[in-house]
1. Excluding ligands, DNA and RNA, what is the solvent-accessible area per residue of the range 14-130 at a probe of 1.4 Å, expressed in Å²?
2. Each residue of the range 90-107 in turn: what ³J(HN,Hα) in whole Hz from Karplus with 6.51, -1.76, 1.60 and θ = phi - 60°, glycine and Pro shown as x?
3. Report, by chain and number, residues whose modeled amide H sits under 5 Å from the one on residue 163, excluding near sequence neighbours (fewer than 5 apart, same chain).
4. When Lys and Arg each count +1 and Asp and Glu each count -1, what net charge do the other residues less than 11 Å away from residue 159, Cβ to Cβ, add up to?
5. Within 12 Å, Cβ to Cβ, of residue 55, how many net charges do the neighbouring residues add up to if Lys/Arg are +1 and Asp/Glu are -1?
6. If you work out Cα Rg over 2.2 N^0.38 Å from the coordinates, which of (i) 0.99; (ii) 1.10; (iii) 0.95 do you get?
7. With r defined as the distance between the Cβ atoms of residue 179 and residue 112 and R0 fixed at 22 Å, what FRET efficiency is calculated, to the nearest 0.05?
8. Step through the residues of the range 170-178 one at a time and calculate ³J(HN,Hα) from phi using the Karplus curve (6.51 cos²θ - 1.76 cosθ + 1.60, θ = phi - 60°), rounding each to whole Hz and writing x for Gly and Pro.
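The values are calculated or read from the model by the stated rules, or taken from the named source; none is laboratory data. Predicted model only: the values in this text are computed from it and were never measured. Virtual Cβ from ideal backbone geometry, glycine too; neighbours counted across all protein chains shown. Areas reflect the complete protein model, heavy atoms only, side chains present, ligands, DNA and RNA absent. Shrake-Rupley method; radii C 1.70, N 1.55, O 1.52, S 1.80 Å.
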Amino acid sequence: MTECFPPEAQSQDLFLGGRLRLAQPREGYRAAADPVLLAAACSARPGQAVLELGCGVGVASLCLGSRVPGLSLSGLELQPAYAALARQNAATTGIAFEVHTGDLREMPPALRGSFDHVIANPPYFTAEGGTAARDAGRETAQREETPLSDWILAARKRLHPGGYLTMINSADRLPDILAGCLGFGAITVLPLAPREGRAANRVIVQARKGAKGAFRLLAPLIMHEGAVHGGDRESYAPLARSVLREGAALAVFG
C-alpha cells in the first residue's frame, strides 16, 4: 500500500450532520455510523487523554474531539495510508489529534504512557468468517489478524487504574470481548438493534480497569424507526439521530 491516498482517490464525507467533513478512500474501508457511536459512548472529560486503537482515518477520535473540547487525542493505525488520512483530517478540522503508525502488539514508544480512556472499533470478522474483500485495505480493516484478547490487553496496559475501555463490535463477538476483559470490572453492554423487534447486530462495551462494579446489560438502542427502510427518507430513531446527526453523547456510559 502506498504511503497516502492521492486526492483523486479520496472522497469528502460529512459526519455529525455536516459538522465534520472528513476525507476517506473512495475504494477501501469507509467509516459509517459505528465510529460515530463509539465516540458518543466515550465518557471523556476536558483535560483527559484518549487513545484510539486502530483509528483508521480518524472518524471516532475527531467526532469525540468535536463534542468534547480540550482532550489529548492519540491514535494508532496499522495501515500507513489510513494513518496519513487521519493526520490530514485532523489538520483540516483543526482538532489536535496525534496519529502514530504501528501494530498494537508492538506499541510505539510514544504511546507507552497512561491514558484515561482507550477506544477501539476492531475488525468484526474472524480469520475464517465472512467473504474476503477485494480491496486489501478494506480486508485488513475488517478481518481479524490480531485476536480481540490482544486488543483488550493492549488497552489495559495503556490505561491508568480506573481508566475506561470502550469498544464497538459485532454482537456475535460479545463472548470473545467479555472473555478478554480480565482485570476489568463495571462492564456495561449496550446492544444496538436495527429496528424494534430485531436482534441486535452490534454491541458497545465499556469496562473499567480494576473496578469491582456489577455487570450491566442495557436495553437495546433501536437505530431505525418503522418495520422496513423508508425509501429516501432518513429513518433514524430519535436517540440514534441525536448521536449521529447532532453529536450527542450516549449518556448511559461513564
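1. Details: 4360 Å² over 117 residues.
Ligands and nucleic acids excluded, the result is 37 Å² per residue.
2. Result, rounded to whole Hz: 4, 5, 5, 7, x, 8, 5, 8, 9, 10, 10, 9, x, 9, 5, 7, 10, 4.
3. Those qualifying (amide H under 5 Å, at least 5 residues apart or on another chain) are 209.
4. Working: positive: 156, 157, 158, 208, 209; negative: 116.
Around residue 159, the surrounding residues sum to +4.
5. Computed value for this residue: -2.
6. Correct label is (iii).
7. 0.30
8. Calculated HN-Hα couplings, in order: 5, 4, 6, 8, 4, x, 5, 5, 5 Hz.
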